[in-house]
């Protein structure tokens with residue numbers, strides 16, 4: 001299987017001054033992500049997880065090293081990625097379906113055809129919203145939706161232009177446990193169907209083990225990957241698996257790694 005993303009000895013300092021002083025936000029990142037692989041990145045707060053996301057989307061350029069995604073060197077912001085964050089950030093004056101359509105108004109080749117193909121694109125957006133359980137809410141405004149519904153719409157918006165890579169930065173962190181688990185299953189089903197690459201940054205170890213093929217643990221800043229854990233649990237996974245000893249053993253193992261990192265940093269466990 002060919003690799004979709006390659007990070008070769010990637011270091012990032014936020015500015016020239018930090019670089020001159022040898023102060024890096026992330027360092028020595030070597031990573032190969034297979035086509036269609038779902039990876040999760042966990043680690044203590046401030047370790048550089050979100051910085052890694054910026055490198056993966058081309059929003060930041062490495063100070064040293066090289067990044068290749070989908071066979072191309074990364075030289076600027078990528079058009080082949082979709083993103084969703086902890087805050088859904090839907091535009092309050094647009095309906096749910098119009099929020100989902102937003103990337104098609106901005107990203108080529110859709111932008112040039114948007115007026116001509118609007119009906120077709122809108123149908124696509126409505127189908128996607130129905131798939132994530134938002135049938136009947138397509139023409140509501142964000143303020144009429146719960147937090148979990150807004151996050152579902154946000155994931156639809158990230159996927160509407162059929163990106164090859166989905167980047168998720170703490171996407172379910174603000175939701176209650178039941179809503180979060182519902183969204184895990186929705187994301188699992190969308191990924192199983194379309195097999196786009198996913199990079200998920202999360203604090204939730206259960207989430208990382210349930211969803212990912214591979215979990216990476218980042219050290220304290222400067223962030224580097226110190227543990228790579230293949231999740232050998234069979235797919236498709238349903239929520240019942242989260243109650244098995246095989247699942248909880250992996251979660252405890254990862255928690256032990258993060259606990260050791262925090263102790264080394266002098267943070268109370």
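Residues considered: 167, 31, 12. Largest GNM mean-square fluctuation over the chain, using C-alpha springs under 10 Å, is found at 31. Residues 216, 243 in ascending order of nearby Cβ atoms (within 10 Å, fewest first): 243, 216.
Note on residue 130 and residue 107: the model spin-label points, each 7 Å out from Cα along the C-beta direction, lie 2.3 nm apart. Need one number: % antiparallel among DSSP beta bridges in the chain, to the nearest 5. The antiparallel fraction comes to roughly 50 percent.
Computed extension length for residue 264-residue 3: 90.6 nm, one decimal, from 0.36 nm per residue of separation with the Cα-Cα distance subtracted. Taking Cα atoms only, the orientation of helix 110-131 departs from the longest principal axis of the chain by about 80 degrees.
If I fit a long axis through the Cα atoms of helix 177-194 and take the longest principal axis of the Cα atoms of the chain, what angle between them do I get, 0 to 90°, rounded to 10? The answer is roughly 80 degrees. Could you tell me which of rounded, prolate or oblate describes the chain, using a ≥ b ≥ c as the square roots of the eigenvalues of the alpha-carbon gyration tensor, with rounded for a/c under 1.5 and, failing that, prolate when a/b is larger than b/c and oblate otherwise? Here the chain falls in the oblate category. Treating each Cα of region 103-160 as one equal point scatterer and applying the Debye formula with no solvent, the log10 of I(q)/I(0) at q = 0.30 Å⁻¹ comes out as -1.22.
For the chain, a Gaussian network of Cα nodes joined below 10 Å ranks 207, 27, 193 by mean-square fluctuation, and the top entry is 193. Could you tell me which of rounded, prolate or oblate describes region 22-75, using a ≥ b ≥ c as the square roots of the eigenvalues of the alpha-carbon gyration tensor, with rounded for a/c under 1.5 and, failing that, prolate when a/b is larger than b/c and oblate otherwise? Oblate is the answer for region 22-75, as a/c is 1.5 or above yet b/c matches or exceeds a/b.
Would you please classify the overall shape of region 127-233 from the alpha carbon gyration tensor, given that a ≥ b ≥ c denote the square roots of the eigenvalues, rounded means a/c under 1.5, and beyond that prolate means a/b larger than b/c while oblate covers the rest?
Values: a/c = 2.11, a/b = 1.74, b/c = 1.21.
Because a/c hits 1.5 or more and a/b exceeds b/c, region 127-233 counts as prolate.
Sorted fewest first by neighbouring Cβ atoms within 10 angstrom, 85, 52 come out as 85, 52. Once the Cα atoms are used to define both axes, helix 96-106 deviates from the longest principal axis of the chain by about 70 degrees. Extending 7 Å from the Cα toward the beta-carbon at both residue 116 and residue 189 defines two label points whose distance is 3.5 nm.
Each reported figure results from applying straightforward, stated rules to the coordinates on display, with no laboratory input. Because the structure is predicted, anything quoted here is derived from the model rather than measured. So basically every Cβ, Gly included, is an ideal-geometry build from the backbone, and we count neighbours across all protein chains shown.
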